[in-house]
1. What residues have an amide H closer than 5 Å to that of SER30, excluding those fewer than 5 places away on the same chain, when H is modeled at 1.01 Å from N in the peptide plane?
2. If you put +1 on each Lys and Arg Cβ and -1 on each Asp and Glu Cβ, how big is the dipole of the chain around its Cα centre, in Debye rounded to 20?
3. Would you work out the relative contact order for the chain, in percent, from Cα pairs under 8 angstrom that are 6 or more residues apart?
4. Return the distance in nm (one decimal) between the two label points of a simple spin-label model at SER39 and ASP14, each offset 7 Å from Cα along Cα→Cβ.
5. In whole percent, how big is the carbon plus sulfur part of the accessible area of the chain, probe 1.4 Å, protein atoms only?
6. Tell me, what is the per residue accessible area of the chain in Å², probe radius 1.4 Å?
7. Can you tell which of PHE48, PRO37, TRP12 lies farthest toward the positive end of the dipole of segment 1-57, using +1 and -1 charges on the Cβ of basic and acidic side chains (Lys, Arg; Asp, Glu)?
Amino acid sequence: MGRVVEPGQPLWLDEDRAWALALAEVERDSCPDCGQPWSEASAPESEFQYDVSLLRCHACAAGARKAHAHQEAGGDAKGLHIAITRRG
């Protein structure tokens, strides 16, 4: 993402490896649903320590409406993927 690797130079420098390992550790300690640090979010003392906002993704809502209408019309939803594009 910025360093041009010259012939004979290693693709990964020690600093690159350190950043990659740090990212892997952060990702390993992330809740798969909300992304908060698992070690903190799952600790008993963390109960009631989070504020939550409900947000609607209008693109996802449009996709859900289309899928629901497809099912209501008798369409098979198994394996159905939804491609969403913005108008205009």
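The values are calculated or read from the model by the stated rules, or taken from the named source; none is laboratory data. As the structure is a computational prediction, the values presented were derived from the model and not from experiment. Here the Cβ positions follow ideal geometry from the backbone for every residue, glycine too, while neighbour counts run over all protein chains shown. Calculation scope for accessible area: heavy atoms of the full protein, side chains included, ligands and nucleic acids excluded. Shrake-Rupley method; radii C 1.70, N 1.55, O 1.52, S 1.80 Å.
1. TRP38
2. In total the dipole reaches around 880 debye.
3. On the way: 24 pairs, mean separation 11.7, N = 88.
Across the chain, relative contact order equals 13 percent.
4. With each label placed 7 Å out from Cα toward Cβ, I get 2.4 nm.
5. 57 percent
6. Normalised by residue count, the accessible surface of the chain is 97 Å².
7. Of the options given, the answer is TRP12.
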